[in-house]
Amino acid sequence: QVQLVESGGGLVQPGGSLRLSCTASISNFGRYRMGWYRQAPGKERELVATITATGNTNYADSVKGRFTISRDNAGNTVDLQMNGLKPEDTSVYYCNTRLFLVDIWGQGTQVTVSS
């Protein structure tokens, strides 16, 4: 059974940092593009960052220069390092991949940026 499990969310003050991690129970993990998305209350889910099997990255304009996505194929993990956090980054963050044209999502982890 394919499963994505996120961890690392929490409460942080503006300007602070958090590191999210996603562990994937996927065979041949290194072959798949992985991504982080987020959804704030009353808003649609939006792309945060993706990383391809070859390590190419893509970021939403709102997080460029502040967030960094990385992956460890040996450990089946994909991380999101978030620096310079802003109140508008408050959301539930979801790990994502696509297998056989089907989107797979984790359960999400809450990130709250507030003083």
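The values are calculated or read from the model by the stated rules, or taken from the named source; none is laboratory data. This is a predicted model, so every value here is computed, not measured. A quick note on method: Cβ atoms are made from the backbone with ideal geometry, for glycine too, and the neighbour counts reach across all protein chains shown.
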- Qualifying positions in the stretch 1-25 - closer than 25 Å to Phe100 by Cβ, touching a residue at least 60 places away in the same chain (Cβ under 8 Å) and assigned to a strand (DSSP E or B): Leu4, Val5, Glu6, Cys22, Ala24
- Query: Residue check, Ala53 against (1) under 19 Å from Gly75 (Cβ atoms); (2) part of a strand (DSSP E or B), all met but one. Which one?
  - Reply: (2)
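For the stretch 77-87, does any single residue satisfy the condition of being at pLDDT 95 or above, hydroxyl-bearing (Ser, Thr, Tyr) and closer than 20 Å to Ser115 by Cβ? If you could, list the steps in order and put the result at the bottom.
As a first pass, look at the stretch 77-87 and keep what is at pLDDT 95 or above: 77-87.
Filter once more, keeping what is hydroxyl-bearing (Ser, Thr, Tyr): 77.
Filter again for closer than 20 Å to Ser115 by Cβ, leaving none.
No; the residues of the stretch 77-87 include none that is at pLDDT 95 or above, hydroxyl-bearing (Ser, Thr, Tyr) and closer than 20 Å to Ser115 by Cβ.
Listed here are the residues, each with its yes/no results for (1) farther than 18 Å from Gln39 by Cβ; (2) among the acidic types (Asp, Glu); (3) assigned to a helix (DSSP H, G or I).
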position: Glu88; (1), (2), (3): no, yes, yes
position: Val92; (1), (2), (3): no, no, no
position: Cys95; (1), (2), (3): no, no, no
position: Ser115; (1), (2), (3): yes, no, no
- Breaking point among (1) touching a residue at least 24 places away in the same chain (Cβ under 8 Å); (2) of a type outside the set (Gly, Ala, Ser); (3) more than 25 Å from Ser115 (Cβ to Cβ); (4) surrounded by fewer than 18 Cβ atoms within 10 Å (Cβ to Cβ), for Asn28: (1)
- Message: I'd like to verify a number: residues in the stretch 56-85 that are surrounded by 13 or more Cβ atoms within 10 Å (Cβ to Cβ) and either part of a strand (DSSP E or B) or touching a Ser or Thr at 6+ places or on another chain (Cβ under 9 Å) (or both), how many?
- Response: 19
- Item | Tally, over the stretch 57-82, of residues that are over 10 Å from the mean Cα position of the chain (by Cα) and closer than 18 Å to Ala24 by Cβ | 8
